[in-house]
Amino acid sequence: MIFDYTVVWDSLPMYFSGMLITLKLLAISLFFGLLAALPLGLMRVSKNRWINMPAWLFTYVIRGTPMLVQLFLIYYGLAQFAVVRESFLWPLLSSATFCACLAFAVNTSAYTAEIIAGSLKATPAGEIEAARAMGMSKAMLYRRILLPSALRRALPQYSNEVIMMLQTTSLASIVTLLDITGAARSVNAQYYLPFEAFITAGVFYLCLTFILVRLFKLAEHRWLGYLAPRKA
Amino acid sequence: MLKGYGAVILEGAWLTLQLALSSMALAIVLGLIGVALRLSPVRQLAVLGDLYSTVIRGIPDLVLILLIFYGGQSVLNAVAPMVGYDDYIELSPLAAGIGTLGFIFGAYLSETFRGAFMAIPKGQSEAGMAYGMSRFNVFFRILVPQMIRLAIPGFTNNWLVLTKATALISVVGLQDMMFKAKQAADATREPFTFFLAVAAMYLVITSVSLLILRFIEKRYSVGVRAADL
């Protein structure tokens, strides 16, 4: 078995354009996922059953089913209904890119909501009591005390979620998108060289993973420095 | 409601369950080997173990599945003639799926096991040694039983992720419940119905596993004193 470098070299442009698609999918789904996760996370810490339950059900169902099923439900499934096919949203819902982003965003919002809720619950009781003693209203307590500290403490776990999402975006290749995995699949189909095709894709993902890990380390240093163990 | 496809999908669900359980068995073995390598005093072995867990966890499952399925196929067919076997070999998707998922989740489990082993106080194994136990006995009689309790939360998580990852094996042609649902969806043009049914089946599997593993965790934690805050 000889590793065919020329094929890899010739298809590098495809991998790089695939990387752009992967990063685009990742950025869009993380942005909207985080946007949805904040209210969901706040709902999950509510003591009111009617607020907490719907958010709990949502995260339970999303976290209990495979991403592939969720993607298929949105991409293939919604077309079953004439109402959807005739609605003004159809041009969007028939696009693979839109469906992939939607499915990924929904998925990550559930996981992120649980991370945020866990972080909020882990806030030291003293901080909350102190804020109350200062006469802060509930809104102000959340805005000034709970959220800033909980979101910071959620960073390490969130970095795991982001890396999981990077890997999840590879599913986009199943609904015909040419992301890194999609590029690898088409190289494999064209030359029938599975090792060259998929190992190259693996190297791209590894590099992206290391860059993300590094970025999050920097972010933790910046925003979580006060929790780091003291250097001797 | 499922237009006669209910039985077919249940059949697929059974295959999904078989795939998940067998790959988990393989993953536990590989995870234990991986953690033994990573905690070994021999530097080269430790590096090898770290490499296994880092590289595998940094690459998407789907890419590894495609690599091992297509790549494994071409390696098999390149090697087989050398040992005097000339027919074209078609890799069975189930075997390939078990091998791939076992290999991937072995890496995740080695990480879970490593954390659990390191959380056991050193005095435990030293006490075993002081009683004259062999290293083998110390490992299996003292460390492993305590490790299991500490590893259960991480293990539960790994198991749930693995169960959901089995859906990806349908991409390389395993006729699991995802594959059957896709067929039924194409035949009846009711994709939503069938994928929803499959989602419900996965939810049942994950919920039941959660209940069982919670019960096991309780059993293994019987001797642990929990402090009320």
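The values are calculated or read from the model by the stated rules, or taken from the named source; none is laboratory data. Values in this document were obtained by computation on a predicted structure and should not be read as measured data. All Cβ positions, even for glycine, are placed from backbone atoms using ideal geometry, and neighbour counts span all protein chains on display.
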Taking segment A:180-203 as the search range and keeping residues that are among the polar types (S, T, N, Q) and touching a Pro at 6+ places or on another chain (Cβ under 9 Å), which one is surrounded by the fewest Cβ atoms within 10 Å (Cβ to Cβ)? A:Asn188
Answer yes if at least one residue in segment B:212-226 is exposed (fewer than 15 other Cβ atoms within 10 Å of the Cβ), free of Cβ contacts under 8 Å to residues at least 40 places away in the same chain and within 14 Å of chain A (Cβ to nearest Cβ), and no otherwise. no
Segment B:158-193 - residue that is among the β-branched types (Val, Ile, Thr) and under 23 Å from A:Gln80 (Cβ atoms) and, of those, farthest from the other protein chains (Cβ to nearest Cβ): B:Thr188
In segment A:168-179, the residues that are surrounded by fewer than 20 Cβ atoms within 10 Å (Cβ to Cβ) and either in a helix (DSSP H, G or I) or at the interface with chain B (Cβ under 10 Å from one of its Cβ atoms) (or both): A:Val175
Taking segment B:72-119, which residues are away from every other protein chain (no Cβ under 14 Å), of a type in the set (Val, Ile, Thr) and surrounded by fewer than 17 Cβ atoms within 10 Å (Cβ to Cβ)? B:Val83, B:Ile89
Consider segment A:79-101. How many of its residues are of a type outside the set (Val, Ile, Thr) and closer than 26 Å to A:Pro39 by Cα? 7
Among the residues of segment A:63-80, is any under 19 Å from A:Asn160 (Cβ atoms), within 12 Å of another protein chain (Cβ to nearest Cβ) and surrounded by fewer than 20 Cβ atoms within 10 Å (Cβ to Cβ)? yes
Report the residue count in segment A:193-225 for those that are closer than 27 Å to A:Arg152 by Cβ and part of a helix (DSSP H, G or I). 17
Of all the residues that make up segment B:175-190, how many are in a loop (DSSP other than H, G, I, E, B), in contact (Cβ under 8 Å) with a residue 24 or more places away in the chain and out of contact with any Gly (no Cβ under 6 Å at 6 or more places or on another chain)? 2
Conditions first: (1) at positive phi; (2) touching a Gly at 6+ places or on another chain (Cβ under 8 Å). B:Ala116 passes all but one, so which condition is the exception? (1)
Report yes if some residue within segment A:2-17 is assigned to a helix (DSSP H, G or I), among the charged types (D, E, K, R) and modelled with pLDDT under 95; otherwise report no. yes
Consider segment B:40-71. How many of its residues are at the interface with chain A (Cβ under 9 Å from one of its Cβ atoms) and not aliphatic (A, V, I, L, M)? 8
Return the residue satisfying two criteria in turn: it lies in segment A:121-156 and is surrounded by fewer than 16 Cβ atoms within 10 Å (Cβ to Cβ) and among the small types (Gly, Ala, Ser), and of such residues it is nearest to the chain's Cα centre (by Cα). A:Ala122
Could you pull out the residue among A:Ala189, A:Ala184 that is within 13 Å of chain B (Cβ to nearest Cβ), assigned to a helix (DSSP H, G or I) and in contact with a helix residue (DSSP H, G or I) (Cβ under 6 Å, 6 or more places away or on another chain)? A:Ala184
Take B:Gln146 and tell me if it is away from chain A (no Cβ under 11 Å), polar (S, T, N, Q), in a helix (DSSP H, G or I) and closer than 29 Å to A:Val84 by Cβ. no
Which of the following residues is within 21 Å of A:Val203 (Cα to Cα) and at pLDDT 90 or above: B:Tyr131, B:Tyr70, B:Tyr52? B:Tyr52
